[in-house]
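Participant: I have a structure here, written as structure tokens, and I will follow up with some questions on it.
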């Protein structure tokens, strides 16, 4: 033992080096293991931070294409100042486009129109409530007369208006051609010839009048409400005004169809037979003029029926819970009402019209195009029947030489409340569910 200790003492460095050589691998293995664990944890932490940074830097967006049949597009993009600036630019452009569309829709629908009697709507002064309604009817009648004159619509010449001309022609034929002094001197053959000559004279008068007429229309064909015997309600009076706007649009659309042509002889629209606004704007207006009844083909139309009344969407239920117009929300559609699905709602009202006109049979598309282009008018239904021009000319309706047809249309018209509501009486607003305007205090 002493020998070993002596040797160790004499070879201390060798012993130390041997010990280091033996223990170093073990110690290094332990140290390396500990260091590896720390490195792994640090690498994981850094990887998590990088993932967080990547997630914050990029975002997933989806674009829902409004075109039917196109699938939504989803993509991951980098959010940076350039993207945000571009996004802001596009949203501002879309907002400006939407505003322009709204303004254009309002312009097309309103056409700078107002009411016929400013003092009457939305509420007349108390001391004029008994007199203004009768003044409204006088204004309404005059407005229809002026409208027909402005669009060049005329009645055919009456027999009374041609009586003097026919008498003069009869006297001329008798004295200058037949050389007879009285009708007692005429033979049966003379009577037949004279009748034919007078018929030709009458037809020539009709033809001359047709050259000065855009198309035929009478006050009776536009269905002006009769003069009231009692004071109508404000909703009824406003319905008179509303119906005038509706008929004004349709008459001006018919004028547009005939505008490129000289007269009724070569225009596609020959005659307005009848125009009826169906239904009422709301139940509150029922005390006014009776709504036009009648049916359309095999589908009766009228108040409370499939179409022609706003009751389903703007009646008592709507009045119970007034809803403010919100253009950002999609308007619900009801396809049980019509193929368009449109019904009255806080944004617009739907009014229906039955229109019967005589048209050139070969140019019906021109008439339909003119109607739908003039305003928010949709043709829901059509009915066609052949017209005998020779029978029509007996009543003064001279259409020219082309075949004509009787075209009956059921029309849907749209009226934006953004401009109509300002004229509506409070009772009608309540019935339609339009919120009352907030009262201002001084």
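All of the numbers you see were taken from the coordinates with simple rules; none came from a lab. Treat the numbers as computed from the prediction; the structure is a model and nothing was measured. In this analysis, Cβ positions are derived from the backbone assuming ideal geometry, glycine residues included, and neighbour counts consider all displayed protein chains.
Participant: For the peptides 343-354, 418-429, what is the packing order when you average, over each peptide's residues, the other Cβ atoms within 10 Å and list the highest mean first?
Facilitator: Taking the mean over residues of other Cβ atoms within 10 Å, the ranking is 343-354, 418-429.
Participant: Fully extended, how many nm does the chain gain between residue 92 and residue 44 (0.36 nm per residue separation, minus their Cα-Cα distance)? Don't skip to the answer; put the middle values down first.
Facilitator: Values: separation 48, 0.36 × 48 = 17.28 nm, distance 4.35 nm.
Extra length available between residue 92 and residue 44 comes to 12.9 nm.
Participant: A further question follows. What relative contact order, as a whole-number percentage, does the range 368-425 give when Cα pairs under 8 Å and 6 or more residues apart are counted? The partial results should precede the final answer.
Facilitator: Working: 54 pairs, mean separation 24.0, N = 58.
Taking the mean separation of contacting Cα pairs over the length of the range 368-425, I get 41 percent.
Participant: Could you sort 131-141, 229-239 so that the peptide with the highest average Cβ count within 10 Å comes first and the rest follow in order?
Facilitator: Numbers: 131-141: 16.8, 229-239: 19.6.
Averaged packing, sorted descending, gives the order 229-239, 131-141.
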